[in-house]
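This report refers to the structure that appears directly beneath it.
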């Protein structure tokens, strides 16, 4: 019985890993080095720490052994393993992305990017910024300009219960209404917000009113409250 | 202060992340920070489908104008090459705006173009589509193709998927033969042409379902996976042997599906006991068969005898009109023939008639390596009789499991 061919990998912080050649070749980068005969000694990987490299190796091990069988059962198990594997802290996730990119491990890059995309899905900009520590460096005018530039993506539809009439409303206006503001912030970003207690006529009035409020706020004049707007904030009465 | 790692990821990684979001959510990232304002604008893949925007209004004109507005908007703000463009919205009818979008794409090195017109008439593709020389994958649903006379083919096209399309006979032949790199061809529910003369030296995958008179593979020797469904049972009797003509040009065939009435087509003309050149590479066969038709049964047997390396077989019985009543097909046991590699067999939709039982009996007695045979009748009538017969059959394989499934 011949011994399995192994390669030696060295992380940025000096940790040594002995890995089967087939497992290491999940990384196209390492595969290239092996095929070019540069892998006799330890392969230095200055961009990957020991901790991350051990995770990448774990991933590659799991995915090499499963590449032989094509049954759906093992695909399900593999997916479950992936889900468990990728349940890591955010900074580890990003380190894995960078490592998968540098080492060119397609499956791992796909998995990590999909995970980040899933974190962005259906979140408001405020929530996304909070999650990823993104600093909002727009001035209010700049932010307004961006929202206007891509108005279609920031519109929210309000519709009444009968799906008869819908009103396309700019987000900042919709936020004038406390209820809707809460719905938006509670993640109701499906672009259509149903308002069960309000008929079209009232809704039309309310929106007109909100428009005036927003315009008034911009021109710094005294806003006047109308009955319709009070009704919206108290859903029982409308 | 925690690091903002996501904003500093390499461009193609951000592209990959944003590609997993709907176009609407990707565009919404523009407001996150000044760095993010145009990250979405370099996305190489643009998909406009039912997820991109949920239209609250059911008014057709409103939906249409909104969709046009979104695509125009995105294309205008987009920056850089566009590799993939998919337009498939359930409310999309053939609107003339599509023409100018394709023109825009033709100027941006489009490689993958997918257009699905869910409603309305066949949409006539504009001539600018035919100047997209970087196309690698083209997928059209409910379209009409009439290329200009200057069209010399798609030199880079590897994959073509046409469903519910109209194109003329000459257009079809010219299209196939002028795409030298074509590897995958799917044709479903087409009209305008009835003769399929396939000249594609690199073709490996071929999937077709529709109405045609004749099919031949003049120059398609790489074909490995073939699935053919002939939806019409009227046959023309022009050839001396459809079966021989079909198989003579498929030496490398690995997977074959014979669906609808295609077996009937193959049974026309001379059917030998065995093909002159065995299908050495065929390891999967699925065939829809009318067990009441003697010719069809003999054709199926011919194929089986000519496939020494067949591993998986699926047989779908077509409960046809009870044609030749009383015709008993005497399948003689041929001691020269044995399906050594056959492991899995599925027999579905049978009714328990004699030809079916003979066939199953024959399979069981000639497959020493059989692991599992699944039998599923069409109805519960005569289920018991069928089971009793199955029980009696001798099996060449000691480990063969016969699984009877309720219909």
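Here are a few things to note about the model shown:
- Gain on full extension, evaluated as 0.36 nm per residue between residue A:47 and residue A:123 minus their Cα-Cα distance, stands at 24.2 nm.
- Relative exposure of A:109, B:138, B:342, B:387, judged by other C-beta atoms within 10 Å (fewest first): B:387, A:109, B:138, B:342
- Shape call, the range B:191-326: gyration tensor on alpha carbons, a/c limit 1.5: oblate
- Entry for the range B:149-262 at q = 0.14, 0.18, 0.19, 0.21 Å⁻¹: log10 I(q)/I(0) = -0.54, -0.92, -1.04, -1.29, Debye formula applied to identical alpha-carbon scatterers, no solvent contribution.
- Helix axis angle, B:354-365 relative to chain B longest principal axis, alpha carbon, degrees: 90
- FRET efficiency, residue A:148 to residue B:127 (Cβ-Cβ, R0 45 Å, nearest 0.05): 0.80
- Residue among B:384, B:118, B:40 with the largest mean-square fluctuation in a Gaussian network model of chain B, springs linking Cα atoms under 10 Å: B:384
- Each of B:379, B:299, B:150 was scored by other Cβ atoms within 10 Å of its Cβ. Listed from fewest to most, they are B:150, B:379, B:299.
- If the chain linking residue B:59 and residue B:73 were pulled fully straight, counting 0.36 nm for each residue of separation and taking away their Cα-Cα distance, it would gain 2.9 nm.
- With Cα atoms, 0 to 90° folded angle of helix B:97-106 axis to chain B main axis: 90
- Exposure proxy order (Cβ contacts within 10 Å, fewest to most) of B:233, B:39: B:233, B:39
- Label sites at residue A:65 and residue B:280, each approximated as a point 7 angstrom past Cα along Cα to Cβ, lie 3.7 nm apart.
- Above 20 Å, the calculated P(r) of the range B:2-130 contains 47 percent of its Cα-Cα pairs.
- Of all the options B:380, B:174, B:358, the one that moves most in a Gaussian network model of chain B with Cα springs shorter than 10 angstrom is B:380.
- Residue-span extension gain [residue B:232 to residue B:401] - 0.36 nm each, minus C-alpha spacing: 57.2 nm
- In degrees, nearest ten, helix B:383-392 long axis to first principal axis of chain B (Cα): 60
- In terms of Cα atoms, the Rg and Dmax of the range B:64-216 work out to 15.3, 49 Å.
- Alpha-carbon radius of gyration plus Dmax, which is the widest Cα pair, for the range A:1-46 in Å: 10.4, 35
- Of B:171, B:287, B:27, the residue with the greatest mean-square motion in the GNM of chain B, using alpha carbon springs below 10 Å, is B:27.
- Placing a pseudo-label 7 Å from each Cα along the Cα-to-Cβ vector at residue B:216 and residue B:8 gives an inter-label distance of 6.7 nm.
- The range A:1-139 - Debye-derived log10 I(q)/I(0), Cα point model, q = 0.17 Å⁻¹: -0.97
- For residue A:92 and residue A:37, a Förster radius of 25 Å and the Cβ-Cβ distance give a FRET efficiency of 0.15, rounded to the nearest 0.05.
- Virtual spin-label span in nm between residue A:80 and residue B:351, 7 Å along Cα→Cβ: 4.4
- Dmax and Rg, reported as Rg then Dmax, of chain B (C-alpha, Å): 26.4, 87
Coordinate-derived values only; no laboratory data. Please read these numbers as outputs of a predicted model, since none were measured by experiment. Heads up, the Cβs are rebuilt from the backbone with ideal geometry, glycines too, and the neighbour counts pull from every protein chain shown.
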